[in-house]
Amino acid sequence: MEFRADEVDDLEDLFDNAPCGYIAAGADGRITKVNSTFCKWLGREKSTFIGHRFQDFLNIAGKIYYETHFAPLMRMQGYFNEVALDLVRDDGATLPVLVNAIERRDDAGNLRFIRITIFNASDRRRYERELLEARRAAEQANTELKELNRTLERRIAEAVEARIKSEQALHQSQKMEAVGQLTGGIAHDFNNMLAVVLSSLSLLEKRLANGEDVARFIAAAREGANRAADLTRRLLAYSRQQTLAPQPLNANQMVADMSELLRRTLGETVRLESVLAGGLWQIHADRNLLESAILNLAINARDAMPEGGRLTIETANCHLDETYSAEQAILPGQYVMVAVTDTGSGMPPEVMTKAFEPFFTTKGPGKGTGLGLSQVFGFVKQSGGHIKIYSEVGHGTTMKIYLPRLHQTAVAPKPLLIRSDVARTVSHEVILLVEDDAQVLSITAQMLHDLGYEVIEARNAEEALSALAAYPEIRLLFTDVVMPGMNGRRLADEARQRRPDLKVLFTTGYARNAIVHNGVLDPEVNLLQKPASAEMLAIKLREVLDGAP
Amino acid sequence: MDILRRNNVKTMGSGSRAMVFAHGFGCDQNMWRLVWPAFADGYRIVLFDHVGCGGSELSAYNPQKYASLDGYTDDIIAICRELGIVDGVFVGHSVSAMIGAIASRKAPDIFADLVMIGPSPRYIDDGEYIGGFSEGQIHELLDFLDANHMGWSQAMAPVIMGNPDRPELGEELTNSFCRTDPEIAKKFARVTFLSDNRNDLPAVKARCLVLQCSEDIIAPQAVGEYVAKQLPNSQFIILNATGHCPNLSAPEETISAMKAFLEGPPD
C-alpha cells in the first residue's frame, strides 16, 4: 500500500499523539519505536527507550511478573491483554497502566515485531482501590453484624435462661413458704384440738375416779375430735383428694334451694339478690360440696361488709375461649358460671394472689380458719372447673366459679331417704370386719356390737377369706381399702367369687386408691369415708344390707 | 488421596527412563510444551502442576504444608514413588530447580541427572552473595501482591475461581494459559522469593546441568555461576536466549543443551 506524504504525516501524528502509549519491539524484545504520548507519561526522551526492553521500565514487581507470567503467556498464546502493571517514571513516581501486547508474524510464521499498547490506568486503579476498600468495609460490616447477631442471640438466650431460673427459684421459695404455712397451720390447729381432747380425757379420768358427772367432758372431747376430722376434710378438699359424688345439677335450682339458708347466714344487714340466667345448662358436680362452696363465698362476702351491703348470686352460661383458657391453664369450652358478688371492702392485688392459699386469712385471730377459699379452690379444680377473683378495694369483690357443662340429659337423682331410726335398729346380722390397724379394728368392732351386729374380725385379706369359708352366715364384708398384701378391692372381688350374694362396704381415709379414681367413686361401690360417726356407720350399713346385692 | 490427580500428572513417551519436568513460579506444565516432545522417543515423560497451579486440585492446597519448598518437594517425591521412578532425569525451571535439588538430597535414588533452568538458591543479596534483589525490592513485590488490584486478578484469574460449573467461560478469558489462583500465587511468590536453599546445593549427588539465560533479571548470571560452583557435579552453560524462560523463547537451544548433557560422557 502506498501512502501520500500528507497521509504519512497524518498517521505519524496519530501514532505519536494517540491517547495511549505505543511501543514496537523487535523479535528479541528490544524497543525500536515509541510514541510521544508514552514518552511524556514517563518524562523521558524517545532515545532513552531505544534498545531497551519494555520490562526495564516496570517497577520491581512488574519486572518479576512480566518475566514469570506475561512473557511466557505471550510466547504461548501470541498476546496478552489488560494486564495491570506499574511503570516507573524518570522522576521515580509510578504510573499505573493496563498493558496489551501482541506478536506480529510474517506469512512464514517468523516473529517480526511485538506491538505493545499501554493505557493510563491512574483513575481506574483509584476506583479499584475505592471499590476494594468499600467491599472490604462491607464485608467487615457484615462480619460485625453477624457477630452482633450472634452475641445478641446468645445474650437473649442467657437472659431468658436466667429469668426462667429466677422464676423457678421464686416459685420454689413460694411453694416452700406455702408448705411451711400449711404445716404450721395444721400443727397449730391440731394442737388446739388435741388439747381439748387430752384435757377432757384427763379431767374425765379424775372425775371418774371421784364418781363425778363426766358428760360435759365427753362432749368436749368429741367436739375437739370432730373439729380435727373437719380440718382433715378441708385439707383433703384443698389437696383435691376428697371423694366426689358428682351428679347432674341445675345451679339455678340449687341457688334457689339455698336462699333460706343464705338469708339466715347473711343476717339482717346484707340484702340477697339472685340473677339467674334462663336456659342455664346442667352441670355435673357434687351437690353438697358446691353448696358448701357457695356458702363459704357468701360468708366471706358477709365478713367483707360489716356495715351491711348487697350480695348478688348470679348464674350464666359461658364459653371460655382458647386464649383465656391457655392463660388460665384450663380446657376451653362451655361452662356454667356461678358468681358471688359483694359490695364490701374489696381486696388489694397482693391479697388476691394469696387468697386461695391454705391458712391465709385477713380475718382476725380466731375468726377464720384460712381454709375456706382454699377448700373452694380445691373443689372447683377437682371438678374440672375454674375460679376467678375480680376485686376493687372500696367497691367490692366478685368470685366467679366456672363448672363444665354437662352434655348428656340429666336424670334427677332419687332423694336419699334417711330413716332416723336406723341407727337404733337392732339386728343380729353377721358382719366380717377387715382392718389392718389393731386399734381401729377393736373400736370399729365395738361400735358394730353396740349397733347390734355380730362381728367376725380379720386383720388382713387372708384371715378374712378363711373366716368367710368358716362362717357361711356372714352377710356383709366391711373392709378397709388400703391394706398390706391383698388390698380391700381385691379381697372384695375374691369374696364375691365365692359368695356372690355377699354385701360389701368399703371404708377408707384416703381417696386415691383402688376404688376411687380421680376422686370419683366407681359405680356400684359402697364407701364409708373415715372417720365416720356411729350414726353414719349405722345408716350406711342398713343402706347396704337392705339394698340390692 | 489420588496423588496423580492432585498434581494433574500426565505421562507420555516411549522410553524407559523417566524425565520429570517441573514448572516454576508463574505458570504450569504448559511451560514445557515446546521442549518435552523432543525427548518423547527416548524417555518416559512426566508432566505435572504444582498444587495451586494449572489443573491441580486447589482444594489440596494446605497453607502449612506449602509454607516452604519442602511441601512441594514432598509432592514430587510422592509422584515419583507412585510412578516407581528410579535414576530418572529431573528438569526444573526457576524455583523448581531448587525443589529438584532438595528432592535429590532427600531421595537420592530417584534422580541421576538434574537439569536446572534459571536456578536461584536465594533471590535477596546477602553480604558477599549476590541474589539480584535487595530486601526492599522483594518486599515491594510482596506488597504489590497484597494490594491485589483487579487488573492482576482479571489477567490471571482462573476458570476455577468464578465459574466452576461453566468451564467453557475460561477459554474466553483474556489470558487462558497458566491459570493460577491469585491467593495461592501470592503465597507461592512469598515462599519462592524469601527462600534460601544455598545449603542444599553441596549435598546434591546427581549430575547437574545449570542453564543460564542472558539478561535474566530473575536469576542473574552471577547466581547461576554460584549454583554451578556449589554443586559437587555440575556443568554450566550460558544460553544466547534472553529473559527467564528459554524453554519458551528458545526451545531449540534449550533442547540441544539438554541433549548434549544427557548424551555426553559421564564425568
Margin query: Report the Cα centroid-to-centroid distance between segment A:255-302 and segment B:34-64 in angstrom, as an integer.
Written below: 100
Note to self: Starting from 0.36 nm per residue, how many nanometres of slack lie between A:ARG129 and A:THR269 once their C-alpha separation is accounted for?
What the structure shows: 41.1 nm
Next item on the list: Please calculate the 1.4 Å probe accessible area of A:PHE15, with all protein chains present, and give it to the nearest 10 Å².
Entry: 30
Check: Taking every pair of alpha-carbon atoms in segment A:5-120, what share in percent sits in each 5 Å bin, from 0 to the bin with the longest distance?
Finding: 2, 11, 21, 26, 20, 12, 5, 2, 0
Margin query: Shape verdict for segment A:155-238, please, from the Cα gyration tensor: rounded (a/c under 1.5), prolate (a/b greater than b/c) or oblate.
Written below: prolate
Checklist line | Total formal charge among the other residues, if their Cβ is under 15 angstrom from that of A:THR341, Lys/Arg +1 and Asp/Glu -1 | finding: 0
Next item on the list: At a probe radius of 1.4 Å, figure out the A/B buried accessible area, summed over both chains, and give it in Å² to the nearest 100.
Entry: 3100
Checklist line | Mean Cα-pair separation over length for chain A, i.e. relative contact order, pairs under 8 Å, 6 or more apart, % | finding: 8
Notebook entry, point to check: Per residue, how much space in cubic angstrom lies within the convex hull of the C-alpha atoms of the protein assembly as shown?
Noted result: 398
Check: Label points 7 Å out from Cα along the Cβ direction at A:GLU307 and A:GLN172: separation in nm?
Finding: 4.8
Next item on the list: Please compute the net charge surrounding A:LEU476, taking Lys and Arg as +1 and Asp and Glu as -1 over other residues with Cβ under 15 Å from its Cβ.
Entry: -2
Next item on the list: Measure off 7 Å from each Cα along the Cα-to-Cβ vector at A:GLU535 and A:ASP437, then give the distance between these two points in nanometres to one decimal.
Entry: 2.3
Item checked: Sites A:ASN288 and A:LEU148, calculated FRET efficiency, Cβ-Cβ separation with R0 45 Å, nearest 0.05 -> 0.10
Next item on the list: Amide H neighbours of A:SER391 under 5 Å, at least 5 residues apart or on other chains, H built in the peptide plane: list them.
Entry: A:THR398
Next item on the list: Roll a 1.4 Å probe over the protein chains and send me the accessible area per residue for the protein assembly as shown in Å².
Entry: 50
Margin query: Could you compute the longest span of chain A free of trypsin sites (Lys or Arg not before Pro) located in DSSP loops and having at most 12 other Cβ atoms within 10 Å, not counting the site residues?
Written below: A:5-366
Check: Mind checking which of B:ASP74, B:ASP125, B:ASP28 has the largest fluctuation in a GNM of chain B, springs on alpha carbons under 10 Å?
Finding: B:ASP125
Notebook entry, point to check: With each pseudo-label sitting 7 Å past Cα toward Cβ, what's the A:HIS395-A:GLN328 distance in nm, one decimal?
Noted result: 1.9
Next item on the list: Using a Gaussian network model of chain B whose springs link C-alpha atoms within less than 10 Å, name the residue from B:GLY71, B:GLY92, B:GLY24 with the highest mean-square fluctuation.
Entry: B:GLY71
Checklist line | Percent carbon-and-sulfur accessible area, chain A, ignoring ligands, DNA and RNA, probe 1.4 Å | finding: 53
Item checked: Cα gyration tensor category, rounded, prolate or oblate, for segment A:270-317 with a/c compared to 1.5 -> oblate
Next item on the list: Let me have the relative contact order for segment A:457-501, percent, based on Cα pairs under 8 Å that are six or more residues apart.
Entry: 39
Check: Given a cut-off of under 8 Å on Cα pairs at least six residues apart, what relative contact order in percent is computed for segment A:247-404?
Finding: 23
Next item on the list: Find how much the distance from B:ASP196 to B:GLU263 grows on full extension, using 0.36 nm per residue of separation minus their present alpha carbon separation; answer in nm with one decimal.
Entry: 20.9 nm
Next item on the list: Report the residues of segment A:113-147 in range of a label on A:PHE15: point 7 Å along Cα→C-beta, backbone N strictly under 17 Å from it.
Entry: A:113-118
Item checked: Residue with peak Gaussian network fluctuation, chain B [Cα springs, cutoff 10 Å], from B:GLY42, B:GLY52, B:GLY13 -> B:GLY42
Check: If you put +1 on each Lys and Arg Cβ and -1 on each Asp and Glu Cβ, how big is the dipole of segment A:279-352 around its Cα centre, in Debye rounded to 20?
Finding: 240
Notebook entry, point to check: Cα gyration tensor of segment A:247-404, axes a ≥ b ≥ c as square roots of the eigenvalues: rounded (a/c below 1.5), prolate (a/b > b/c) or oblate?
Noted result: oblate
Margin query: Residues of segment B:232-267 that become at least 10 Å² less accessible with every protein chain present than in their own chain isolated, using 1.4 Å: which are they?
Written below: B:THR242, B:GLY243, B:HIS244, B:CYS245, B:LEU248, B:SER249
Note to self: Can you compute the FRET efficiency between A:HIS407 and A:GLN247 using 1/(1 + (r/R0)^6), with r the Cβ-Cβ distance and R0 = 22 Å? Round to the nearest 0.05.
What the structure shows: 0.90
Margin query: Give me, ordered by chain and number, the residues 5 or more places off A:ARG105 or on other chains with an amide H under 5 Å from its own placed amide H.
Written below: A:ARG112
Note to self: Residues of segment B:97-146 losing 20 Å² or more of accessible surface, assembly versus chain alone, probe 1.4 Å, please list them.
What the structure shows: B:PHE133, B:GLN137, B:GLU140, B:LEU141, B:PHE144
Next item on the list: Please give the calculated 222 nm ellipticity per residue for chain A, where each DSSP H segment of at least 4 residues contributes -39500 (n - 2.57) and the sum is spread over every residue; nearest 500 deg cm²/dmol?
Entry: -15500 deg cm²/dmol
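The values are calculated or read from the model by the stated rules, or taken from the named source; none is laboratory data. What you are looking at is a predicted structure, and each value in this text was computed from that prediction instead of being measured. Reconstructed Cβ throughout: ideal geometry from the backbone, glycine too, with neighbour counts over all protein chains shown. When the accessible area is computed, the model is the full protein with side chains, heavy atoms only, and any ligands, DNA or RNA have been set aside. Shrake-Rupley method; radii C 1.70, N 1.55, O 1.52, S 1.80 Å.
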